[in-house]
1. Contact list please: Cβ distance under 7 Å, first residue in the range 123-151 and more than 26 Å from residue 250 (Cα to Cα), second residue at pLDDT 90 or above and in a loop (DSSP other than H, G, I, E, B), pairs at least six apart or on different chains.
2. Check off (1) part of a loop (DSSP other than H, G, I, E, B); (2) under 12 Å from the mean Cα position of the chain (by Cα) for residue 139 and give me the number that stays unchecked.
3. If I go through the range 124-147 residue by residue, how many of them are over 20 Å from residue 182 (Cβ atoms) and at pLDDT 95 or above?
4. Name the residues in the range 217-236 that are of a type in the set (S, T, N, Q) and part of a helix (DSSP H, G or I), would you?
5. Output the qualifying pairs, or none if there are none: Cβ atoms under 7 angstrom, residues six or more apart or on different chains, first residue in the range 76-90 and more than 10 Å from residue 24 (Cβ to Cβ) and touching a residue at least 40 places away in the same chain (Cβ under 8 Å), second residue among the hydrophobic types (A, V, I, L, M, F, W, C) and in a helix (DSSP H, G or I).
6. From 37, 21, which residue is of a type in the set (Val, Ile, Thr), at pLDDT 95 or above and buried (at least 17 other Cβ atoms within 10 Å of the Cβ)?
7. Do we find that residue 151 is basic (Lys, Arg) and either under 19 Å from residue 52 (Cβ atoms) or touching a helix residue (DSSP H, G or I) at 6+ places or on another chain (Cβ under 6 Å) (or both) in this structure?
Amino acid sequence: MTACASVPARQTDAADLFVEVHGTPLRYRDEGCGPAVLLVHGWTLDLEMWDPQVRALRDTFRMLRLDRRGHGLSAGIANPQRDGADLAALCERLRLTPVALIGMSQGVRGVLEFAGAAPRGVRALILDGPPPLDATSESEVPLQRYAALARTQGIDAFRSEWSRHALMQLCTQDAEAYARLAAMIARYPGNDLMNPPSPAELAGEHLRLESLRIPALVLSGEHDLPGRRQAAQQLAARLPDAELAVIPGAGHLPNLDSPDTYSKICRGFLIRHCAGNTS
């Protein structure tokens, strides 16, 4: 068996597939073949954020990506506390073991939950733009204010304001990246804004990061918010087998700002820790 699952994908194009997880239909896509890599997006985004990486890496890896619960075309109400279980259920259904994972922003929490629960089933982690994982850190995202905005003025008012937040600003001049980002925000249903989680609920203090002995690459965009860059450094310091990389000229969405550089860094790390290894 290869170090990462290498079962050929059922789909080689970008067809939408759905799997029911805990009674909730989740959209996913399954492209390429080789060691399996599962990509997990951040808040208000969806699986289409990964289009550039799938195109770049599906020649070598089986690239799987899903819309997290309550995002994109997946049903249910977004709940970061359920992401780890959803990822585990998807991997079980598709018999993905072992697997590498790429998580970005809020998606990092679910990836770490999954890896902590089943470390032997994970061969490598790429953690992009992680949020602070302690309850005492002030969030850059004013969830309570956004919830009030959605309740009083509607979801479109929230989408408009969120699209101007620093975390959603692109540095690239590529029109396709702007169009992709706008489409994802427009698809976000916002069901979780009616009952937003508290900072304590989002905290990852319970994660046993110091004992998570899995090769990890922690990524930051050069122009990401200072709090996110600091969180990336802190996360890399807590993980026993982690390295840190910075994507030049990119903000919080480096895979869209600098897709070629991002994909090249991911390819090198994944080949080192997945492709061709045996267990």
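The values are calculated or read from the model by the stated rules, or taken from the named source; none is laboratory data. It should be emphasised that the depicted structure is a prediction, and the values quoted were computed from it without experimental measurement. Quick reminder, even Gly has a Cβ in these numbers, built from the backbone with ideal geometry, and neighbours come from all protein chains shown.
1. Correct list of pairs: 123/98; 123/274; 150/190.
2. (2)
3. Our first condition is that a residue be over 20 Å from residue 182 (Cβ atoms); within the range 124-147, this holds for 124-128, 130-140, 142-145, 147.
Checking which are at pLDDT 95 or above leaves us with 124-128, 130.
Qualifying residue count for the region: 6.
4. From the range 217-236, those of a type in the set (S, T, N, Q) are 220, 230, 233-234; that's our starting set.
Residues satisfying the conditions are 230, 233, 234.
5. What qualifies is 80/202; 87/114.
6. Working: 21 fails: at pLDDT 95 or above.
None of the others qualify; the one that does is 37.
7. Details: basic (Lys, Arg): yes; either under 19 Å from residue 52 (Cβ atoms) or touching a helix residue (DSSP H, G or I) at 6+ places or on another chain (Cβ under 6 Å) (or both): no.
It is false that residue 151 is basic (Lys, Arg) and either under 19 Å from residue 52 (Cβ atoms) or touching a helix residue (DSSP H, G or I) at 6+ places or on another chain (Cβ under 6 Å) (or both).
The rows are residues; the columns are (1) farther than 21 Å from residue 37 by Cα; (2) at pLDDT below 95; (3) surrounded by fewer than 16 Cβ atoms within 10 Å (Cβ to Cβ).
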site: 210; (1), (2), (3): yes, yes, yes
site: 222; (1), (2), (3): yes, no, yes
site: 230; (1), (2), (3): yes, no, yes
site: 239; (1), (2), (3): no, no, no
site: 243; (1), (2), (3): no, no, yes
site: 252; (1), (2), (3): yes, no, no
